[in-house]
Amino acid sequence: MSTLSLEEKKAQFEEYFSIASNINVNIRPLAEGESVPAEDAIEDAMPYAFRIASEMATIEAQAIRPLRNLGDHAESLADFLNHQSRKIDLMMSFVLHQQDDPQQRYRSVKFGGGGVVVESDTSLEVGALAELKLFLDAEAAAIFCYGEVITCEPVGDSYHIAFIFSAIREQDQELLVRASLHIQTQQLRKRAKEKKSGS
């Protein structure tokens, strides 16, 4: 368990780039006496679909990489493999969406490699621990991890609750960083397009 102070946790949360974006997040507060698994034991607690999805993403990245060295001849093959990969991504996205529990569903306000901020009708105590599932539609992926509440602020009629990741696999954290940068790129392109069409 982390020995950082609350202020240090807040600073750690802010170290990572985060993007304002609405994704589905499942939150299951841990019961009394239930603890966050150690980093090396998180896979044992993870639903099977999340383990498979992560392994498939790793295999895909490794399979495409060698093709870059083949030059022009590989372009058609790379296109074909990318289409096959997209089909698999769509199927995995469907499988992962079966893990999205409407009873535990919240919408994020922002997320990044350090944590996630969700909007909630009810408050959660600072220091409360929870099992989190983050669903990244744009990446056809989902992340299973654990978080700790570091802030819970009233905003209008609801609360913005910030979770720092207290147990997350390194590859999942990297995926969140890539996803947040990908969303930022899309937002910037959209803005540039709107500016162009408005002028």
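FYI, it's all coordinate maths here, none of it is from the lab. As the structure is a computational prediction, the values presented were derived from the model and not from experiment. Every residue, glycine among them, receives a Cβ derived from its backbone with ideal geometry; neighbour counts consider all protein chains shown.
Quick notes
- Distance histogram in 10 Å bins (all Cα pairs of the chain, percent per bin): 8, 31, 33, 18, 8, 2
- Dipole size of the stretch 102-143 about its Cα centre, with +1 on Lys/Arg Cβ and -1 on Asp/Glu Cβ: approximately 60 debye, rounded to the nearest 20.
- Net charge dipole, the chain: roughly 1120 debye, given to the nearest 20, about the Cα centre with Cβ charges of +1 for Lys and Arg and -1 for Asp and Glu.
- Positive-end residue, the chain charge dipole about Cα centroid, Cβ charges, pick of GLY198, PHE163, GLN104: GLY198
- Within the chain, longest stretch clear of exposed GluC sites (Glu not before Pro) (DSSP loop, no more than 14 other Cβ within 10 Å): 35-124
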